[in-house]
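Read the structure below first, then the notes.
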2 protein chains.
Amino acid sequence: MIDLSATCPIPISDYPHITLAHGGGGRLTQMLIEQMFVPAFANAALETLHDGAILDVSGARLAFSTDSFVVHPIFFPGGDIGSLAVHGTVNDLAMCGARPLALSSALILEEGLPMSDLWRIVQSMQNAARAVGVPIVTGDTKVVDRGKGDGVFINTAGIGIIPAHARVAPTRAQVGDVILINGAIAEHGIAIMSVREGLEFETQLRSDSAPLHDIVARVLDVAGEHVHVLRDPTRGGVASVLNEIAAQARVGIRLNEAQIPLADAVRGACEILGFDPLYVANEGKFIAIVAREVAEQVLATLRAHPLGRDAAIIGEVVAEHPGKVYLRSRIGGLRVVDMLSGEQLPRIC
Amino acid sequence: MIDLSATCPIPISDYPHITLAHGGGGRLTQMLIEQMFVPAFANAALETLHDGAILDVSGARLAFSTDSFVVHPIFFPGGDIGSLAVHGTVNDLAMCGARPLALSSALILEEGLPMSDLWRIVQSMQNAARAVGVPIVTGDTKVVDRGKGDGVFINTAGIGIIPAHARVAPTRAQVGDVILINGAIAEHGIAIMSVREGLEFETQLRSDSAPLHDIVARVLDVAGEHVHVLRDPTRGGVASVLNEIAAQARVGIRLNEAQIPLADAVRGACEILGFDPLYVANEGKFIAIVAREVAEQVLATLRAHPLGRDAAIIGEVVAEHPGKVYLRSRIGGLRVVDMLSGEQLPRIC
């Protein structure tokens, strides 16, 4: 057997093993993707580092995306691993500007999973898919021995059709663009962490898990190719995806803390748990980076939609500090918002 | 919380938990698929119970398939989980008659996985995909805590284009059709089991893991829509897939044991391990059910291909015993070849 480790693009002496942080959506996840996967699987579609790939099929532009879900616990306030798996892939397609056409569902079950749990999850997937109007057309089921899995892991892949007027890509962020979000941040991650930590709050904190295809379609209908970038801030939160976009588009990003929607209960829970909400996962939110001239119209469109009532303009794309994200704090100071270097919330999705 | 268990289509009193047999490709796997997943996710594409779904996209017929790989061990003679994950989904697409267009790759890594193992697997995926000529265009990486996974699980989904002259479906098996296979059976399963059991044989038993897109394309080129059914006998082996086809097409299937290619070393290992080779997984073989008038031509086409040198006609579709598979044994007796009722080989793919 040939020893391949000498050719490994990740220095094995520094990183001899996979750690939870490699899956956390921060710097180590990025290192794996950019240094190992992208060069190995080199091709143009992969290199765009989009939430999905875009392919030409007999004149149509097809979006293709995959996501595995390992969230723990599998049932949580506001959803479960089944609905999350449907919403997650629908949203990845939506972030390519695509309308979802079909999903696949691949389950890895652990021996001993209660049949009633499986049934509950399957029904939840069905309900979520039906609400979106996307069929689950193909699937796979594997079972691993007890102690070699964790109840259930779900992979969903999806394909969607990108309408002609959509032209979104992380590299299209331009100086002068306006950055919007469709509502309050950090709700999914905090809902999961409160369950895990057994915290009780006066108001129950619920995941924001929701399908974004429809609200995105409306934004594209009103603003077309003036919508430059769409991205859902899941693992790693708003901070991580904006850092990725700043790096890919070689632009600076400036956020206004006072404008970023955040529920009081979530802010309180973040303080108790010691998390910065900018780094906490969302599952029903998206960032839209749009040309300045359509920003108000996009904001109005977002606010007219049930999933965008608390939408806000949260920042802008600037020429200064390319590749970096800065936040103007409530008290007026300017601080850098860096990529997360380690692990914040494992198994959040 | 509503108790959903009363509505569960699988009787929970009989099957309170998921067992390894639910993933074995036999009767319990079928029960999950047919009684739970298909009714829940009800749609026409899913109900064909193909290896993949077939979708119309602006005039083109697209095949879409997903497969998770949980094989243990992750490295084995003749391949590893990476090459297997590429070949598996390429083959599922090929079984729809499709030429592969793009793959996704979603990894679930266990904390503690050696970085060098990950690199070896990524390179193996890359090499396998390059040999097929299919790009890996999108991906996902999750990490689960130590003891909640098993090194690495891989999901690959794939999309492919079905050429106009291909029209394969399990229900197209017709009385009079001829059943062919492209070579010797049971090699993948036995290779995995020998490693697991620490068995040493004179000849090393290697997995037959290989991509079947090219040999299938050649068969379709010569026989077009006279190719009625294509199916790769992975989990559950030749016996299980033929039972599925017999049930779906409501036809009888008659096999000739003496015609079924089987290497002596594999036969010997099956005897030692107590397995019937008809139920052992293959990863580089496919069953073609074709109109009688093209059978010899298809056989010649298979034999002219490096992956079909030992191809053979192994049986026929008959009007008798619809839904059942019978085997004429070497000594002339006729026995039923049933679905596997329990677990034979866990985590073979």
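Taken together, the values in this text are just the output of simple stated rules run on the coordinates, not laboratory data. All values reported here derive from a predicted model rather than from experimental measurement. All Cβ positions, even for glycine, are placed from backbone atoms using ideal geometry, and neighbour counts span all protein chains on display.
Some values worked out for this structure:
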{"quantity": "Relative contact order of the stretch B:55-161, pairs being alpha-carbon contacts under 8 Å that are 6 or more residues apart, as %", "calculated": "45"}
{"quantity": "Share, in percent, of DSSP beta bridges within the protein assembly as shown that are antiparallel, nearest 5", "calculated": "80"}
{"quantity": "Relative contact order computed over chain B (Cα-Cα under 8 Å; 6+ residues apart), in percent", "calculated": "23"}
{"quantity": "Whole-number percent relative contact order across the stretch A:102-205, with pairs defined as alpha carbons under 8 Å at least 6 apart", "calculated": "36"}
{"quantity": "7 Å along Cα→Cβ, label-point gaps from A:ARG335 to other copies, nm, shortest first", "calculated": "7.4"}
{"quantity": "Rg/Rh for chain B, where both radii come from Cα atoms and Rh is the Kirkwood radius", "calculated": "0.95"}
{"quantity": "Among A:TYR326, A:TYR279, A:TYR15, residue whose mean-square fluctuation peaks in a GNM of chain A (springs only between Cα atoms under 10 Å)", "calculated": "A:TYR15"}
{"quantity": "DSSP loop GluC sites (Glu not before Pro) with at most 16 other Cβ within 10 Å: longest gap in chain B", "calculated": "B:1-199"}
{"quantity": "Helix runs (DSSP H) in chain B reaching 24 Å along axis by Cα, Kyte-Doolittle at least -0.5", "calculated": "B:115-132"}
{"quantity": "Residue of A:ARG330, A:ARG61, A:ARG250 that the Gaussian network model of chain A assigns the largest fluctuation, springs spanning Cα pairs under 10 Å", "calculated": "A:ARG330"}
{"quantity": "Semi-axes of the equivalent ellipsoid for the protein assembly as shown, Cα gyration tensor, largest first, Å", "calculated": "46, 25, 24"}
{"quantity": "Whole-Å distance, taken between Cα centres, linking the stretch A:78-105 and the stretch A:264-300", "calculated": "19"}
{"quantity": "Per-copy distances of the A:GLY198 label point, shortest first, in nm (7 angstrom along Cα→Cβ)", "calculated": "4.2"}
{"quantity": "Label distances, nm, B:PRO11 versus same residue in remaining copies, Cβ-directed 7 Å point", "calculated": "6.3"}
{"quantity": "Most mobile listed residue (A:ASN182, A:ASN155, A:ASN43) in chain A, GNM with C-alpha springs under 10 Å", "calculated": "A:ASN43"}
{"quantity": "The stretch A:100-173: proportion of alpha-carbon pairs further apart than 15 angstrom, %", "calculated": "64"}
{"quantity": "Estimated FRET transfer efficiency (A:GLU202, B:GLU47; beta-carbon r; R0 41 Å; 0.05)", "calculated": "0.30"}
{"quantity": "Extension gain (nm, one decimal) between A:ARG309 and A:PHE75, 0.36 nm per residue minus Cα-Cα", "calculated": "81.6 nm"}
{"quantity": "Lysines whose Cα lies under 17 Å from that of B:LYS142, excluding same-chain neighbours fewer than 8 positions away", "calculated": "A:LYS148"}
{"quantity": "Stokes-Einstein translational diffusion, the stretch B:55-161 - Kirkwood Rh over all Cα pairs, 1.306 mPa s, 10 °C, in µm²/s", "calculated": "112"}
{"quantity": "The stretch B:173-235 versus the stretch A:212-237: alpha-carbon centroid distance in Å", "calculated": "45"}
{"quantity": "Selection from B:VAL122, B:GLY268, A:LEU46, by position along the positive dipole direction of the protein assembly as shown (Cβ)", "calculated": "A:LEU46"}
{"quantity": "222 nm mean residue ellipticity, helices alone, for chain B (DSSP H n ≥ 4; -39,500 (n - 2.57); rounded to 500)", "calculated": "-8000 deg cm²/dmol"}
{"quantity": "Three-way shape label, the stretch B:170-336, alpha-carbon gyration tensor, a/c 1.5", "calculated": "oblate"}
